[in-house]
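J.: Sharing a structure below in structure tokens format, with a few things to ask.
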Amino acid sequence: MSIEGFEDLPSYAFGDSPELADSLLELVLNGTKTATCGDLLSYEKEGEPLPQPGDQFVILDGKGQAACVIEMVTVDVRQFNEIDEIWAVLEGEGDLSLEFWQDAHREYFERNGVFAQDMKLVCEYFQLVKIFKRDQAKPN
């Protein structure tokens, strides 16, 4: 696998498990998922700058292999309880409903010990820039 030209980009996997990383990655690769969010508090705790439009990231699969590059289009901060149906569709998960988005994200943030109805989320709308060829049969 060659990520030539992209090796200096920061990388991360979606979600908090290899299975979730793979399922969310598949939604990105098939064009269903064009947005994501994370809690603002974790950026502040880790001293991480917020992504900016134009920033690119290598997205990893559940095995830690580089799978694709995304580029931020817009980034804004909203409260959990301000997320609307349009954002739920952009995130591309489940049945695309706001109810599914709320339930799945509440569970995710509760697992990570940060959920509150008024928590601030970093909402990132992105575009897929590059897909890398990966060895799908690579052993663990």
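Quick note: the coordinates plus some simple rules give every number you see, no bench work behind them. Note that the structure is a prediction, hence the values are computed from the model and not measured. Please note: Cβ atoms are built from the backbone with ideal geometry, for glycine as well, and neighbour counts cover all protein chains shown.
J.: Plugging the Kirkwood radius over Cα pairs into Stokes-Einstein for the stretch 18-62, at a temperature of 37 °C and a viscosity of 0.692 mPa s, what D comes out in µm²/s? Walk me through the intermediate numbers first.
T.: Working: Rh = 12.2 Å.
The diffusion coefficient I find is 269 µm²/s.
J.: While we're here: If I model a spin label as a point 7 Å beyond the Cα along the Cα-Cβ vector, how far apart are those points for SER97 and THR74 in nm?
T.: 2.6 nm
J.: Label points 7 Å out from Cα along the Cβ direction at LEU50 and VAL114: separation in nm?
T.: 1.3 nm
J.: Here's a follow-up. Let me spell out the model: positive unit charges on the Cβ of Lys and Arg, negative unit charges on the Cβ of Asp and Glu, origin at the Cα centre of the stretch 11-131. What dipole size does that give, in debye rounded to 20?
T.: With Lys and Arg at +1 and Asp and Glu at -1, about 360 debye.
J.: For the chain, just list the percent of Cα-Cα distances falling in each 10 Å bin from zero outward, please.
T.: Pair shares across the bins are 11, 42, 36, 10, 0.
J.: Provide the FRET efficiency to the nearest 0.05 for the GLU82-SER23 pair, computing r from the beta carbons and using R0 = 25 Å.
T.: E(calc), rounded to 0.05, equals 0.45.
J.: Pull up all non-local amide H partners of LYS33: gap of 5 or more, or a different chain, and H-to-H distance under 5 Å with H placed in the peptide plane.
T.: HN-HN under 5 Å from LYS33: VAL28.
J.: Sort 78-89, 53-64 for me by packing, meaning the mean count of neighbouring Cβ atoms within 10 Å per residue, highest on top.
T.: On the way: 78-89: 14.6, 53-64: 17.2.
Ranking, from highest mean packing down: 53-64, 78-89.
J.: Below 16 Å, Cα to Cα, which lysines can LYS33 reach? Residues fewer than 8 away in the same chain don't count.
T.: Cross-link targets: LYS130.
J.: Mind checking which lysines have their Cα closer than 18 Å to the Cα of LYS133? Skip sequence neighbours fewer than 8 apart in that chain.
T.: The reachable lysines, counting only those whose Cα sits under 18 Å from LYS133, are LYS63.
J.: For the chain, what does the helix formula give at 222 nm: sum of -39500 (n - 2.57) over DSSP H segments with n ≥ 4, over the residue count, nearest 500 deg cm²/dmol?
T.: -8500 deg cm²/dmol
J.: Here's something else I'd like to know. Under 25 Å Cα-Cα from LYS45, which lysines qualify once same-chain neighbours fewer than 8 residues away are excluded?
T.: LYS120
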